[in-house]
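Since the structure comes first, as structure tokens, the remarks are kept for the end.
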């Protein structure tokens, strides 16, 4: 099995991308490289990719928070100019537009608003965000890679073959460590129980 080398020994982005990295690790790498360490995992990976390409993306100055506007909202209202928040006023507006009584902003809408603010994109409107909700357009996508560990544990616990383990979380963590530090796909499969049986059986507290 290919073990993940220290970042200092990695020479290309292609080699870097073969391995799994936690968000905290990516932030630390960015800080060490003197590049922007703000954002979600996909943004941090992009900054590191640009670093390998010879481009340094440095952190920007914090933007002044815009106070929520009291003007009447419309579909043409700019997201930044109207002082958009995820509060009751805007939930009520979107509930009216969609006909969904208990309206909730989805993860892609949250990622989009974050990106619009970072870019200071004053052309982006409420209607554009509504189109994100309906899947008519894409501006920024939620970083689903952050959920890989949760999916791994869920699938591990759902497998009847793991019923013999008393401490399932610990056993899942042992397998995850092997998967995470390899170049294989970051998912749970029953074959892992056979491949790493010796490692699992050596930890008697798990059974």
Could you work out how much longer the chain between residue 74 and residue 107 gets when fully extended? Use 0.36 nm per residue separation minus the Cα distance between them, nm to one decimal. 9.6 nm
With the contact rule set at Cα under 8 Å and sequence spacing of 6 or more, what percent relative contact order holds for segment 7-52? 35
In vacuo Debye sum over C-alpha of segment 7-52, base-10 log of normalised intensity I(q)/I(0) at q = 0.33 Å⁻¹, listed in q order, is -1.56
Considering all alpha-carbon pairs of segment 68-113, what whole percent are spaced by more than 15 angstrom? 44
How high is the FRET efficiency between residue 173 and residue 17 when r is their beta carbon distance and R₀ equals 30 Å, given to the nearest 0.05? 0.80
Restricting things to alpha carbons, find the Rg to Rh ratio for the chain using the Kirkwood radius for Rh. 1.08
For a footprinting-style exposure proxy, rank 96, 43 by other Cβ within 10 Å, fewest first. 96, 43
Residue 24 paired with residue 201, simple spin-label distance in nm, labels 7 Å along Cα-to-beta-carbon: 3.4
Rounded to the nearest 10, the angle in degrees between the Cα long axis of helix 168-180 and the longest principal axis of the Cα atoms of the chain comes to 80
Label-point separation in nm, residue 89 to residue 134, each point 7 Å along Cα→Cβ: 2.5
Sort 36, 74 so that the residue with the fewest other Cβ atoms within 10 Å of its own Cβ comes first and the one with the most comes last. 74, 36
So what's the back-of-envelope 222 nm ellipticity for the chain, counting only DSSP H runs of four-plus at -39500 (n - 2.57) apiece and dividing by all residues, rounded to 500? -13500 deg cm²/dmol
Unit-weight point scatterers at every alpha-carbon of segment 62-142, Debye formula, q = 0.11, 0.16, 0.18, 0.26 1/Å: log10 I(q)/I(0) is -0.25, -0.55, -0.70, -1.53
Only counting other Cβ atoms within 10 Å, I'd like 46, 19 sorted with the fewest neighbours first. 46, 19
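Please work out the ratio of the alpha-carbon Rg of segment 95-164 to 2.2 N^0.38 Å and round it to two decimals. Write out the running numbers ahead of the final one.
Details: Rg = 17.4 Å, N = 70, 2.2 N^0.38 = 11.1 Å.
So the Cα radius of gyration is 1.57 times the expected 2.2 N^0.38 Å.
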Which value, to two decimals, describes the C-alpha radius of gyration of segment 145-206 once divided by 2.2 N^0.38 Å? 1.02
Sequence gap at least 6, Cα distance under 8 Å: using those rules, report the relative contact order of the chain to the nearest whole percent. 20
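Where a number appears in this text, it was derived from the coordinates with a stated rule and is not lab data. Since we're looking at a predicted model, the values are computed, not measured. Here the Cβ is made from the backbone with ideal geometry for all residues, glycine too, and neighbour counts use every protein chain on show.
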